[in-house]
Amino acid sequence: MDYCHQHNLVDRRIVGRERNFGIRVSLPDADTLRNVVGDDWEQLHWYPTEAERDAAFEKMAIRHGYYRNTDSPTQVLEKISR
């Protein structure tokens with residue numbers, strides 16, 4: 001597969017490796033962004049090891065510094081496995 005942008009979420013070092021540990025990102029039921037992206041929107045991120053997944057989960061759960069003080073971002077993070 002060709003990659004056209006270096007910022008692509010796919011890490012070339014793990015392409016082809018089994019990635020059985022994941023994080024499902026979705027929106028809460030009452031989130032108004034659902035009006036834009038749809039009620040069934042979700043994003044899946046897969047990792048080769050449980051430890052990598054757990055580290056990514058912790059990083060994703062932190063309120064990032066680029067939000068304004070008045071912003072209240074919402075997301076639902078769920079650890080999954082296949």
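The values are calculated or read from the model by the stated rules, or taken from the named source; none is laboratory data. Predicted, not measured: the structure shown is a model, and the values here were computed from it. Counting neighbours? That spans all protein chains shown, and the Cβs are built from the backbone with ideal geometry, glycine included.
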Among (1) loosely packed, with under 10 Cβ neighbours inside 10 Å; (2) at pLDDT 80 or above; (3) part of a loop (DSSP other than H, G, I, E, B); (4) not acidic (Asp, Glu) - the single one Arg19 does not satisfy: (1)
Glu78, sole failed condition from (1) among the acidic types (Asp, Glu); (2) closer than 26 Å to Arg12 by Cβ; (3) in contact (Cβ under 8 Å) with a residue 24 or more places away in the chain: (2)
Pairs, first within 13 Å of Ser81 (Cβ to Cβ) in segment 46-62, second of a type in the set (A, V, I, L, M, F, W, C) and at pLDDT below 95, C-beta under 6 Å, six or more apart: Pro48/Ile14
Residues satisfying the stated conditions in segment 34-53, i.e. hydroxyl-bearing (Ser, Thr, Tyr) and either in contact with a His (Cβ under 9 Å, 6 or more places away or on another chain) or in a strand (DSSP E or B) (or both): Tyr47
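Residue-by-condition table, conditions (1) under 13 Å from the mean Cα position of the chain (by Cα); (2) within 22 Å of Arg12 (Cα to Cα):
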{"position": "Arg34", "(1), (2)": "no, no"}
{"position": "Asp40", "(1), (2)": "no, no"}
{"position": "Tyr47", "(1), (2)": "yes, yes"}
{"position": "Glu50", "(1), (2)": "no, yes"}
{"position": "Arg53", "(1), (2)": "yes, yes"}
{"position": "Phe57", "(1), (2)": "yes, yes"}
{"position": "Asn69", "(1), (2)": "no, no"}
